[in-house]
Amino acid sequence: MIRLASGTDRVALEILEKLIFNGDAECFLDDLCFVVDAGESGVVGSIFLSTSGNHRGTILSIGIIDEFRQQGHGTALLEAAEDAFQKMGVGKMKLQVEITRFGAIVCYMKYGFVMTSLMKNYYGRGRHAYIMEKRIRK
Ligand SMILES: CC(C)(COP(=O)(O)OP(=O)(O)OC[C@H]1O[C@@H](n2cnc3c(N)ncnc32)[C@H](O)[C@@H]1OP(=O)(O)O)[C@@H](O)C(=O)NCCC(=O)NCCS
C-alpha cells in the first residue's frame, strides 16, 4: 500500500536510506514523502518530492529495498508522485539519476521519463548523472 509518510516513519526512513543509499541521500520529512507500507514487513520503499516556483516538480529520491524490487512498487511510487504533482498544478517532473543505476533508469523510461541532459561529475569526480523529465498527465 502506498501512503503519505508521517512522523512515526522517521526511523524506518533513516534505516531505508542507509540500506539503499549508504546514507548518501539527504531527504527529510519536511519534503513531501510517500512510502510503500508492506504491512508486517513494514516500510520497504519511499519517494521524496519537492516543487519549485516554476511549475516543475522534482523527485529528490526514490528507493525500494532489494528483496521488494521488480514487483511494481517503484512504479506505484512514481504514480503517487505524478498524482500529487498533478493536484499541485505542476506541469513537469524531473529527476537526476547516476548513469550506473541501470534498474532505476529502466524503471523511469518504462514510466515515460526521457533523458534531457547529462551532468558530468554531478555526484563527484567521474560520477555522472542523467537529467530525466516527464510531462505530468492532464
Ligand atoms: C529504482 C527502483 C526504485 C525501482 O523500483 P522497482 O520497485 O524495482 O520498480 P518496478 O518494479 O516498478 O519496475 C518498473 C519496471 O522497470 C523494470 N526494472 C526495474 N528494475 C530493473 C532492473 N534492475 N533490470 C531490468 N528491469 C528493471 C521492471 O521490470 C519493470 O518493468 P515491467 O513494467 O516491464 O515489468 C529500485 O530499483 C531501487 O530502489 N533501486 C535502488 C535505488 C535507486 O537506484 N534509486 C534511484 C536513484 S535516482
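Read-outs: derived from the displayed coordinates by stated rules, not from any lab. Note that this is a predicted model, so its numbers are computed, not measured. Note that we place each Cβ from the backbone using ideal geometry, even for glycine, and neighbour counts take in every protein chain shown.
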Problem set entry | Amide proton proximity set for VAL36, modelled H, under 5 Å, gap of 5+ | VAL44, GLY45, SER46
For this session: Would you work out the charge dipole size for region 2-135 about its Cα centre, treating the Cβ of every Lys and Arg as +1 and the Cβ of every Asp and Glu as -1, and quote it to the nearest 20 debye?
Result: 700
Problem set entry | Options LEU77, LEU13, LEU95, ranked by Cα towards positive dipole end of the chain, top entry (Cβ charges) | LEU95
Seminar exercise, completed: Straight-line reach check, LYS120, cutoff 22 Å on alpha carbons, 8 or more apart in-chain or any other chain, hits among lysines -> LYS94, LYS134
Exercise. Which residues make up the longest stretch of the chain clear of chymotrypsin sites (Phe, Trp or Tyr not before Pro) that lie in a DSSP loop with no more than 15 other Cβ atoms within 10 Å, not counting the sites?
Worked result: 29-121
Exercise. For the chain, what does -39500 (n - 2.57) per DSSP helix run (n ≥ 4), summed and divided by total residues, give at 222 nm, in deg cm²/dmol to the nearest 500?
Worked result: -8500 deg cm²/dmol
Exercise. Give or take rounding to whole Å, what are the principal axis extents of the alpha carbon atoms in the chain, in descending order?
Worked result: 40, 37, 27
